[in-house]
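Okay, structure first, notes after.
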Amino acid sequence: MPDNWSFVLAAYGLAALVLGGYWRRLLRRERELAARERRRGAARDEPRPAHAPPGPPIPRR
Amino acid sequence: MTSRERVLGWVAGLGLTAGFVMAFGVAPREATQGNVQRIMYLHVPAILVAYLAFGVVLVASVIYLWGRAAGADRLAHASAEVGVVFTSINIATGAIWGKPTWGTWWTWDARLTSVSIMFVIYLAYLLLRAMIEDRERAARFAAVLGIVAALDIPLVHFSVYWWRTLHQPATLLRPGSTPMDPPFVLALIVNLVAFVLLYGYFVAKRVRLLRQEQEVLA
């Protein structure tokens, strides 16, 4: 039987693509979540004004 | 990334390298099939790890329904996802091996068909989880499906005995001793261990990400 190296190469290449693709997907999700967590942390730590700025005067009747 | 995950990732990487060396450097060329038989070092471990992954889904689903433990639900989710990845590798490498060996990429053989059904069932499991917004309801429905879906695993494994199939019977998980020579068995086992380690790494990472996702969305 011929050796069919091209089939062997295709099988190993495809498996590497699938596993590598899934790994990259996990890493991307990890980075997204870390960035979202950083943004949330920054929003929490941002100093809030002591009191609300004064609004327009209320007209008297 | 936690230090445990990092260690597991490196060990899995080393295992895959060892598996590659075993498949191409140590295991001899098979006399009848030629070098195309080396695809088996991917194809067989991939389905065995998929069995493991879906077995974990079954156990974690039962635990979730029993005590509503969120950790068990995350484990079931992660394991199903990784199991689908390994099943896809099994189906694809089987088709690539089938063309030069059987003369066809695909045939409606009982083993091939039952594996494909298993693949579709677990895709539906993931789809179900993604479609239901209420997390508790999604977890409950998915747990029920995770238990029912596991019924297909023995069907896949024993299909080669229950029906007359083109696919050969099991070579590793069979009663009695295996008919393979030791170098082939060793290469297969090293690759199986590497795939199990990779499964552990992927699941550990995915479980942590699912926990973080739930914390961010809470």
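Just so you know, all these numbers are worked out from the coordinates, no wet-lab data involved. Just so you know, these numbers come straight off a predicted model, no measurement behind them. Cβ sites come from the backbone with ideal geometry, for glycine too, and all protein chains shown count toward neighbours.
Counting every other Cβ atom within 10 Å of each residue's Cβ, B:Asp73, A:Asp45, B:Asp181 order from fewest to most as A:Asp45, B:Asp181, B:Asp73. Helical content alone sets the calculated 222 nm signal of chain B at -26500 deg cm²/dmol, taking -39,500 (n - 2.57) per DSSP H segment of four or more residues and averaging over every residue. Relative to the longest principal axis of the Cα atoms of chain B, the long axis of helix B:70-102 makes an angle of roughly 20 degrees. Relative to the longest principal axis of the Cα atoms of chain B, the long axis of helix B:135-149 lies at roughly 30 degrees. Here the Karplus curve 6.51 cos²θ - 1.76 cosθ + 1.60, taken at θ = phi - 60°, turns the phi angles of the range B:104-116 into couplings of 8, 6, 8, 8, 7, 7, 4, 5, 5, 5, 5, 5, 5 Hz, with x standing for Gly and Pro. One equal scatterer on each Cα of the protein assembly as shown, no solvent, Debye formula: the resulting log10 I(q)/I(0) at q = 0.08, 0.17 Å⁻¹ is -0.41, -1.40. Positive end of the dipole of the range B:1-154 (Cβ unit charges, origin at the Cα centre): among B:Leu126, B:Gly34, B:Gly9, the Cα lying farthest that way belongs to B:Gly9. Considering only B:Pro179, B:Pro154, B:Gly83, the residue lying farthest towards the positive end of the dipole of the protein assembly as shown is B:Gly83, judged by Cα position with unit charges set on Cβ. Remark on chain B: hydrodynamic radius 18.5 angstrom, per the Kirkwood mean of 1/r across alpha carbon pairs. Peptide A:11-21 shows a mean partner chain C-beta count of 6 within 10 Å per residue C-beta.
Here the Karplus curve 6.51 cos²θ - 1.76 cosθ + 1.60, taken at θ = phi - 60°, turns the phi angles of the range B:55-69 into couplings of x, 5, 4, 4, 5, 5, 5, 4, 4, 5, 5, 5, x, 6, 7 Hz, with x standing for Gly and Pro.
A Förster radius of 30 Å, combined with the Cβ-Cβ distance separating B:Thr171 from B:Lys99, puts the computed FRET efficiency at roughly 0.90. So how tilted is helix B:182-217 from the main axis of chain B? Cα-based, degrees 0 to 90, rounded to 10. With both axes taken from Cα atoms, the answer is about 20 degrees. Quarter the surface of the alpha carbon convex hull of the range B:155-196 and you get the mean projected area, 3.8 square nanometres.
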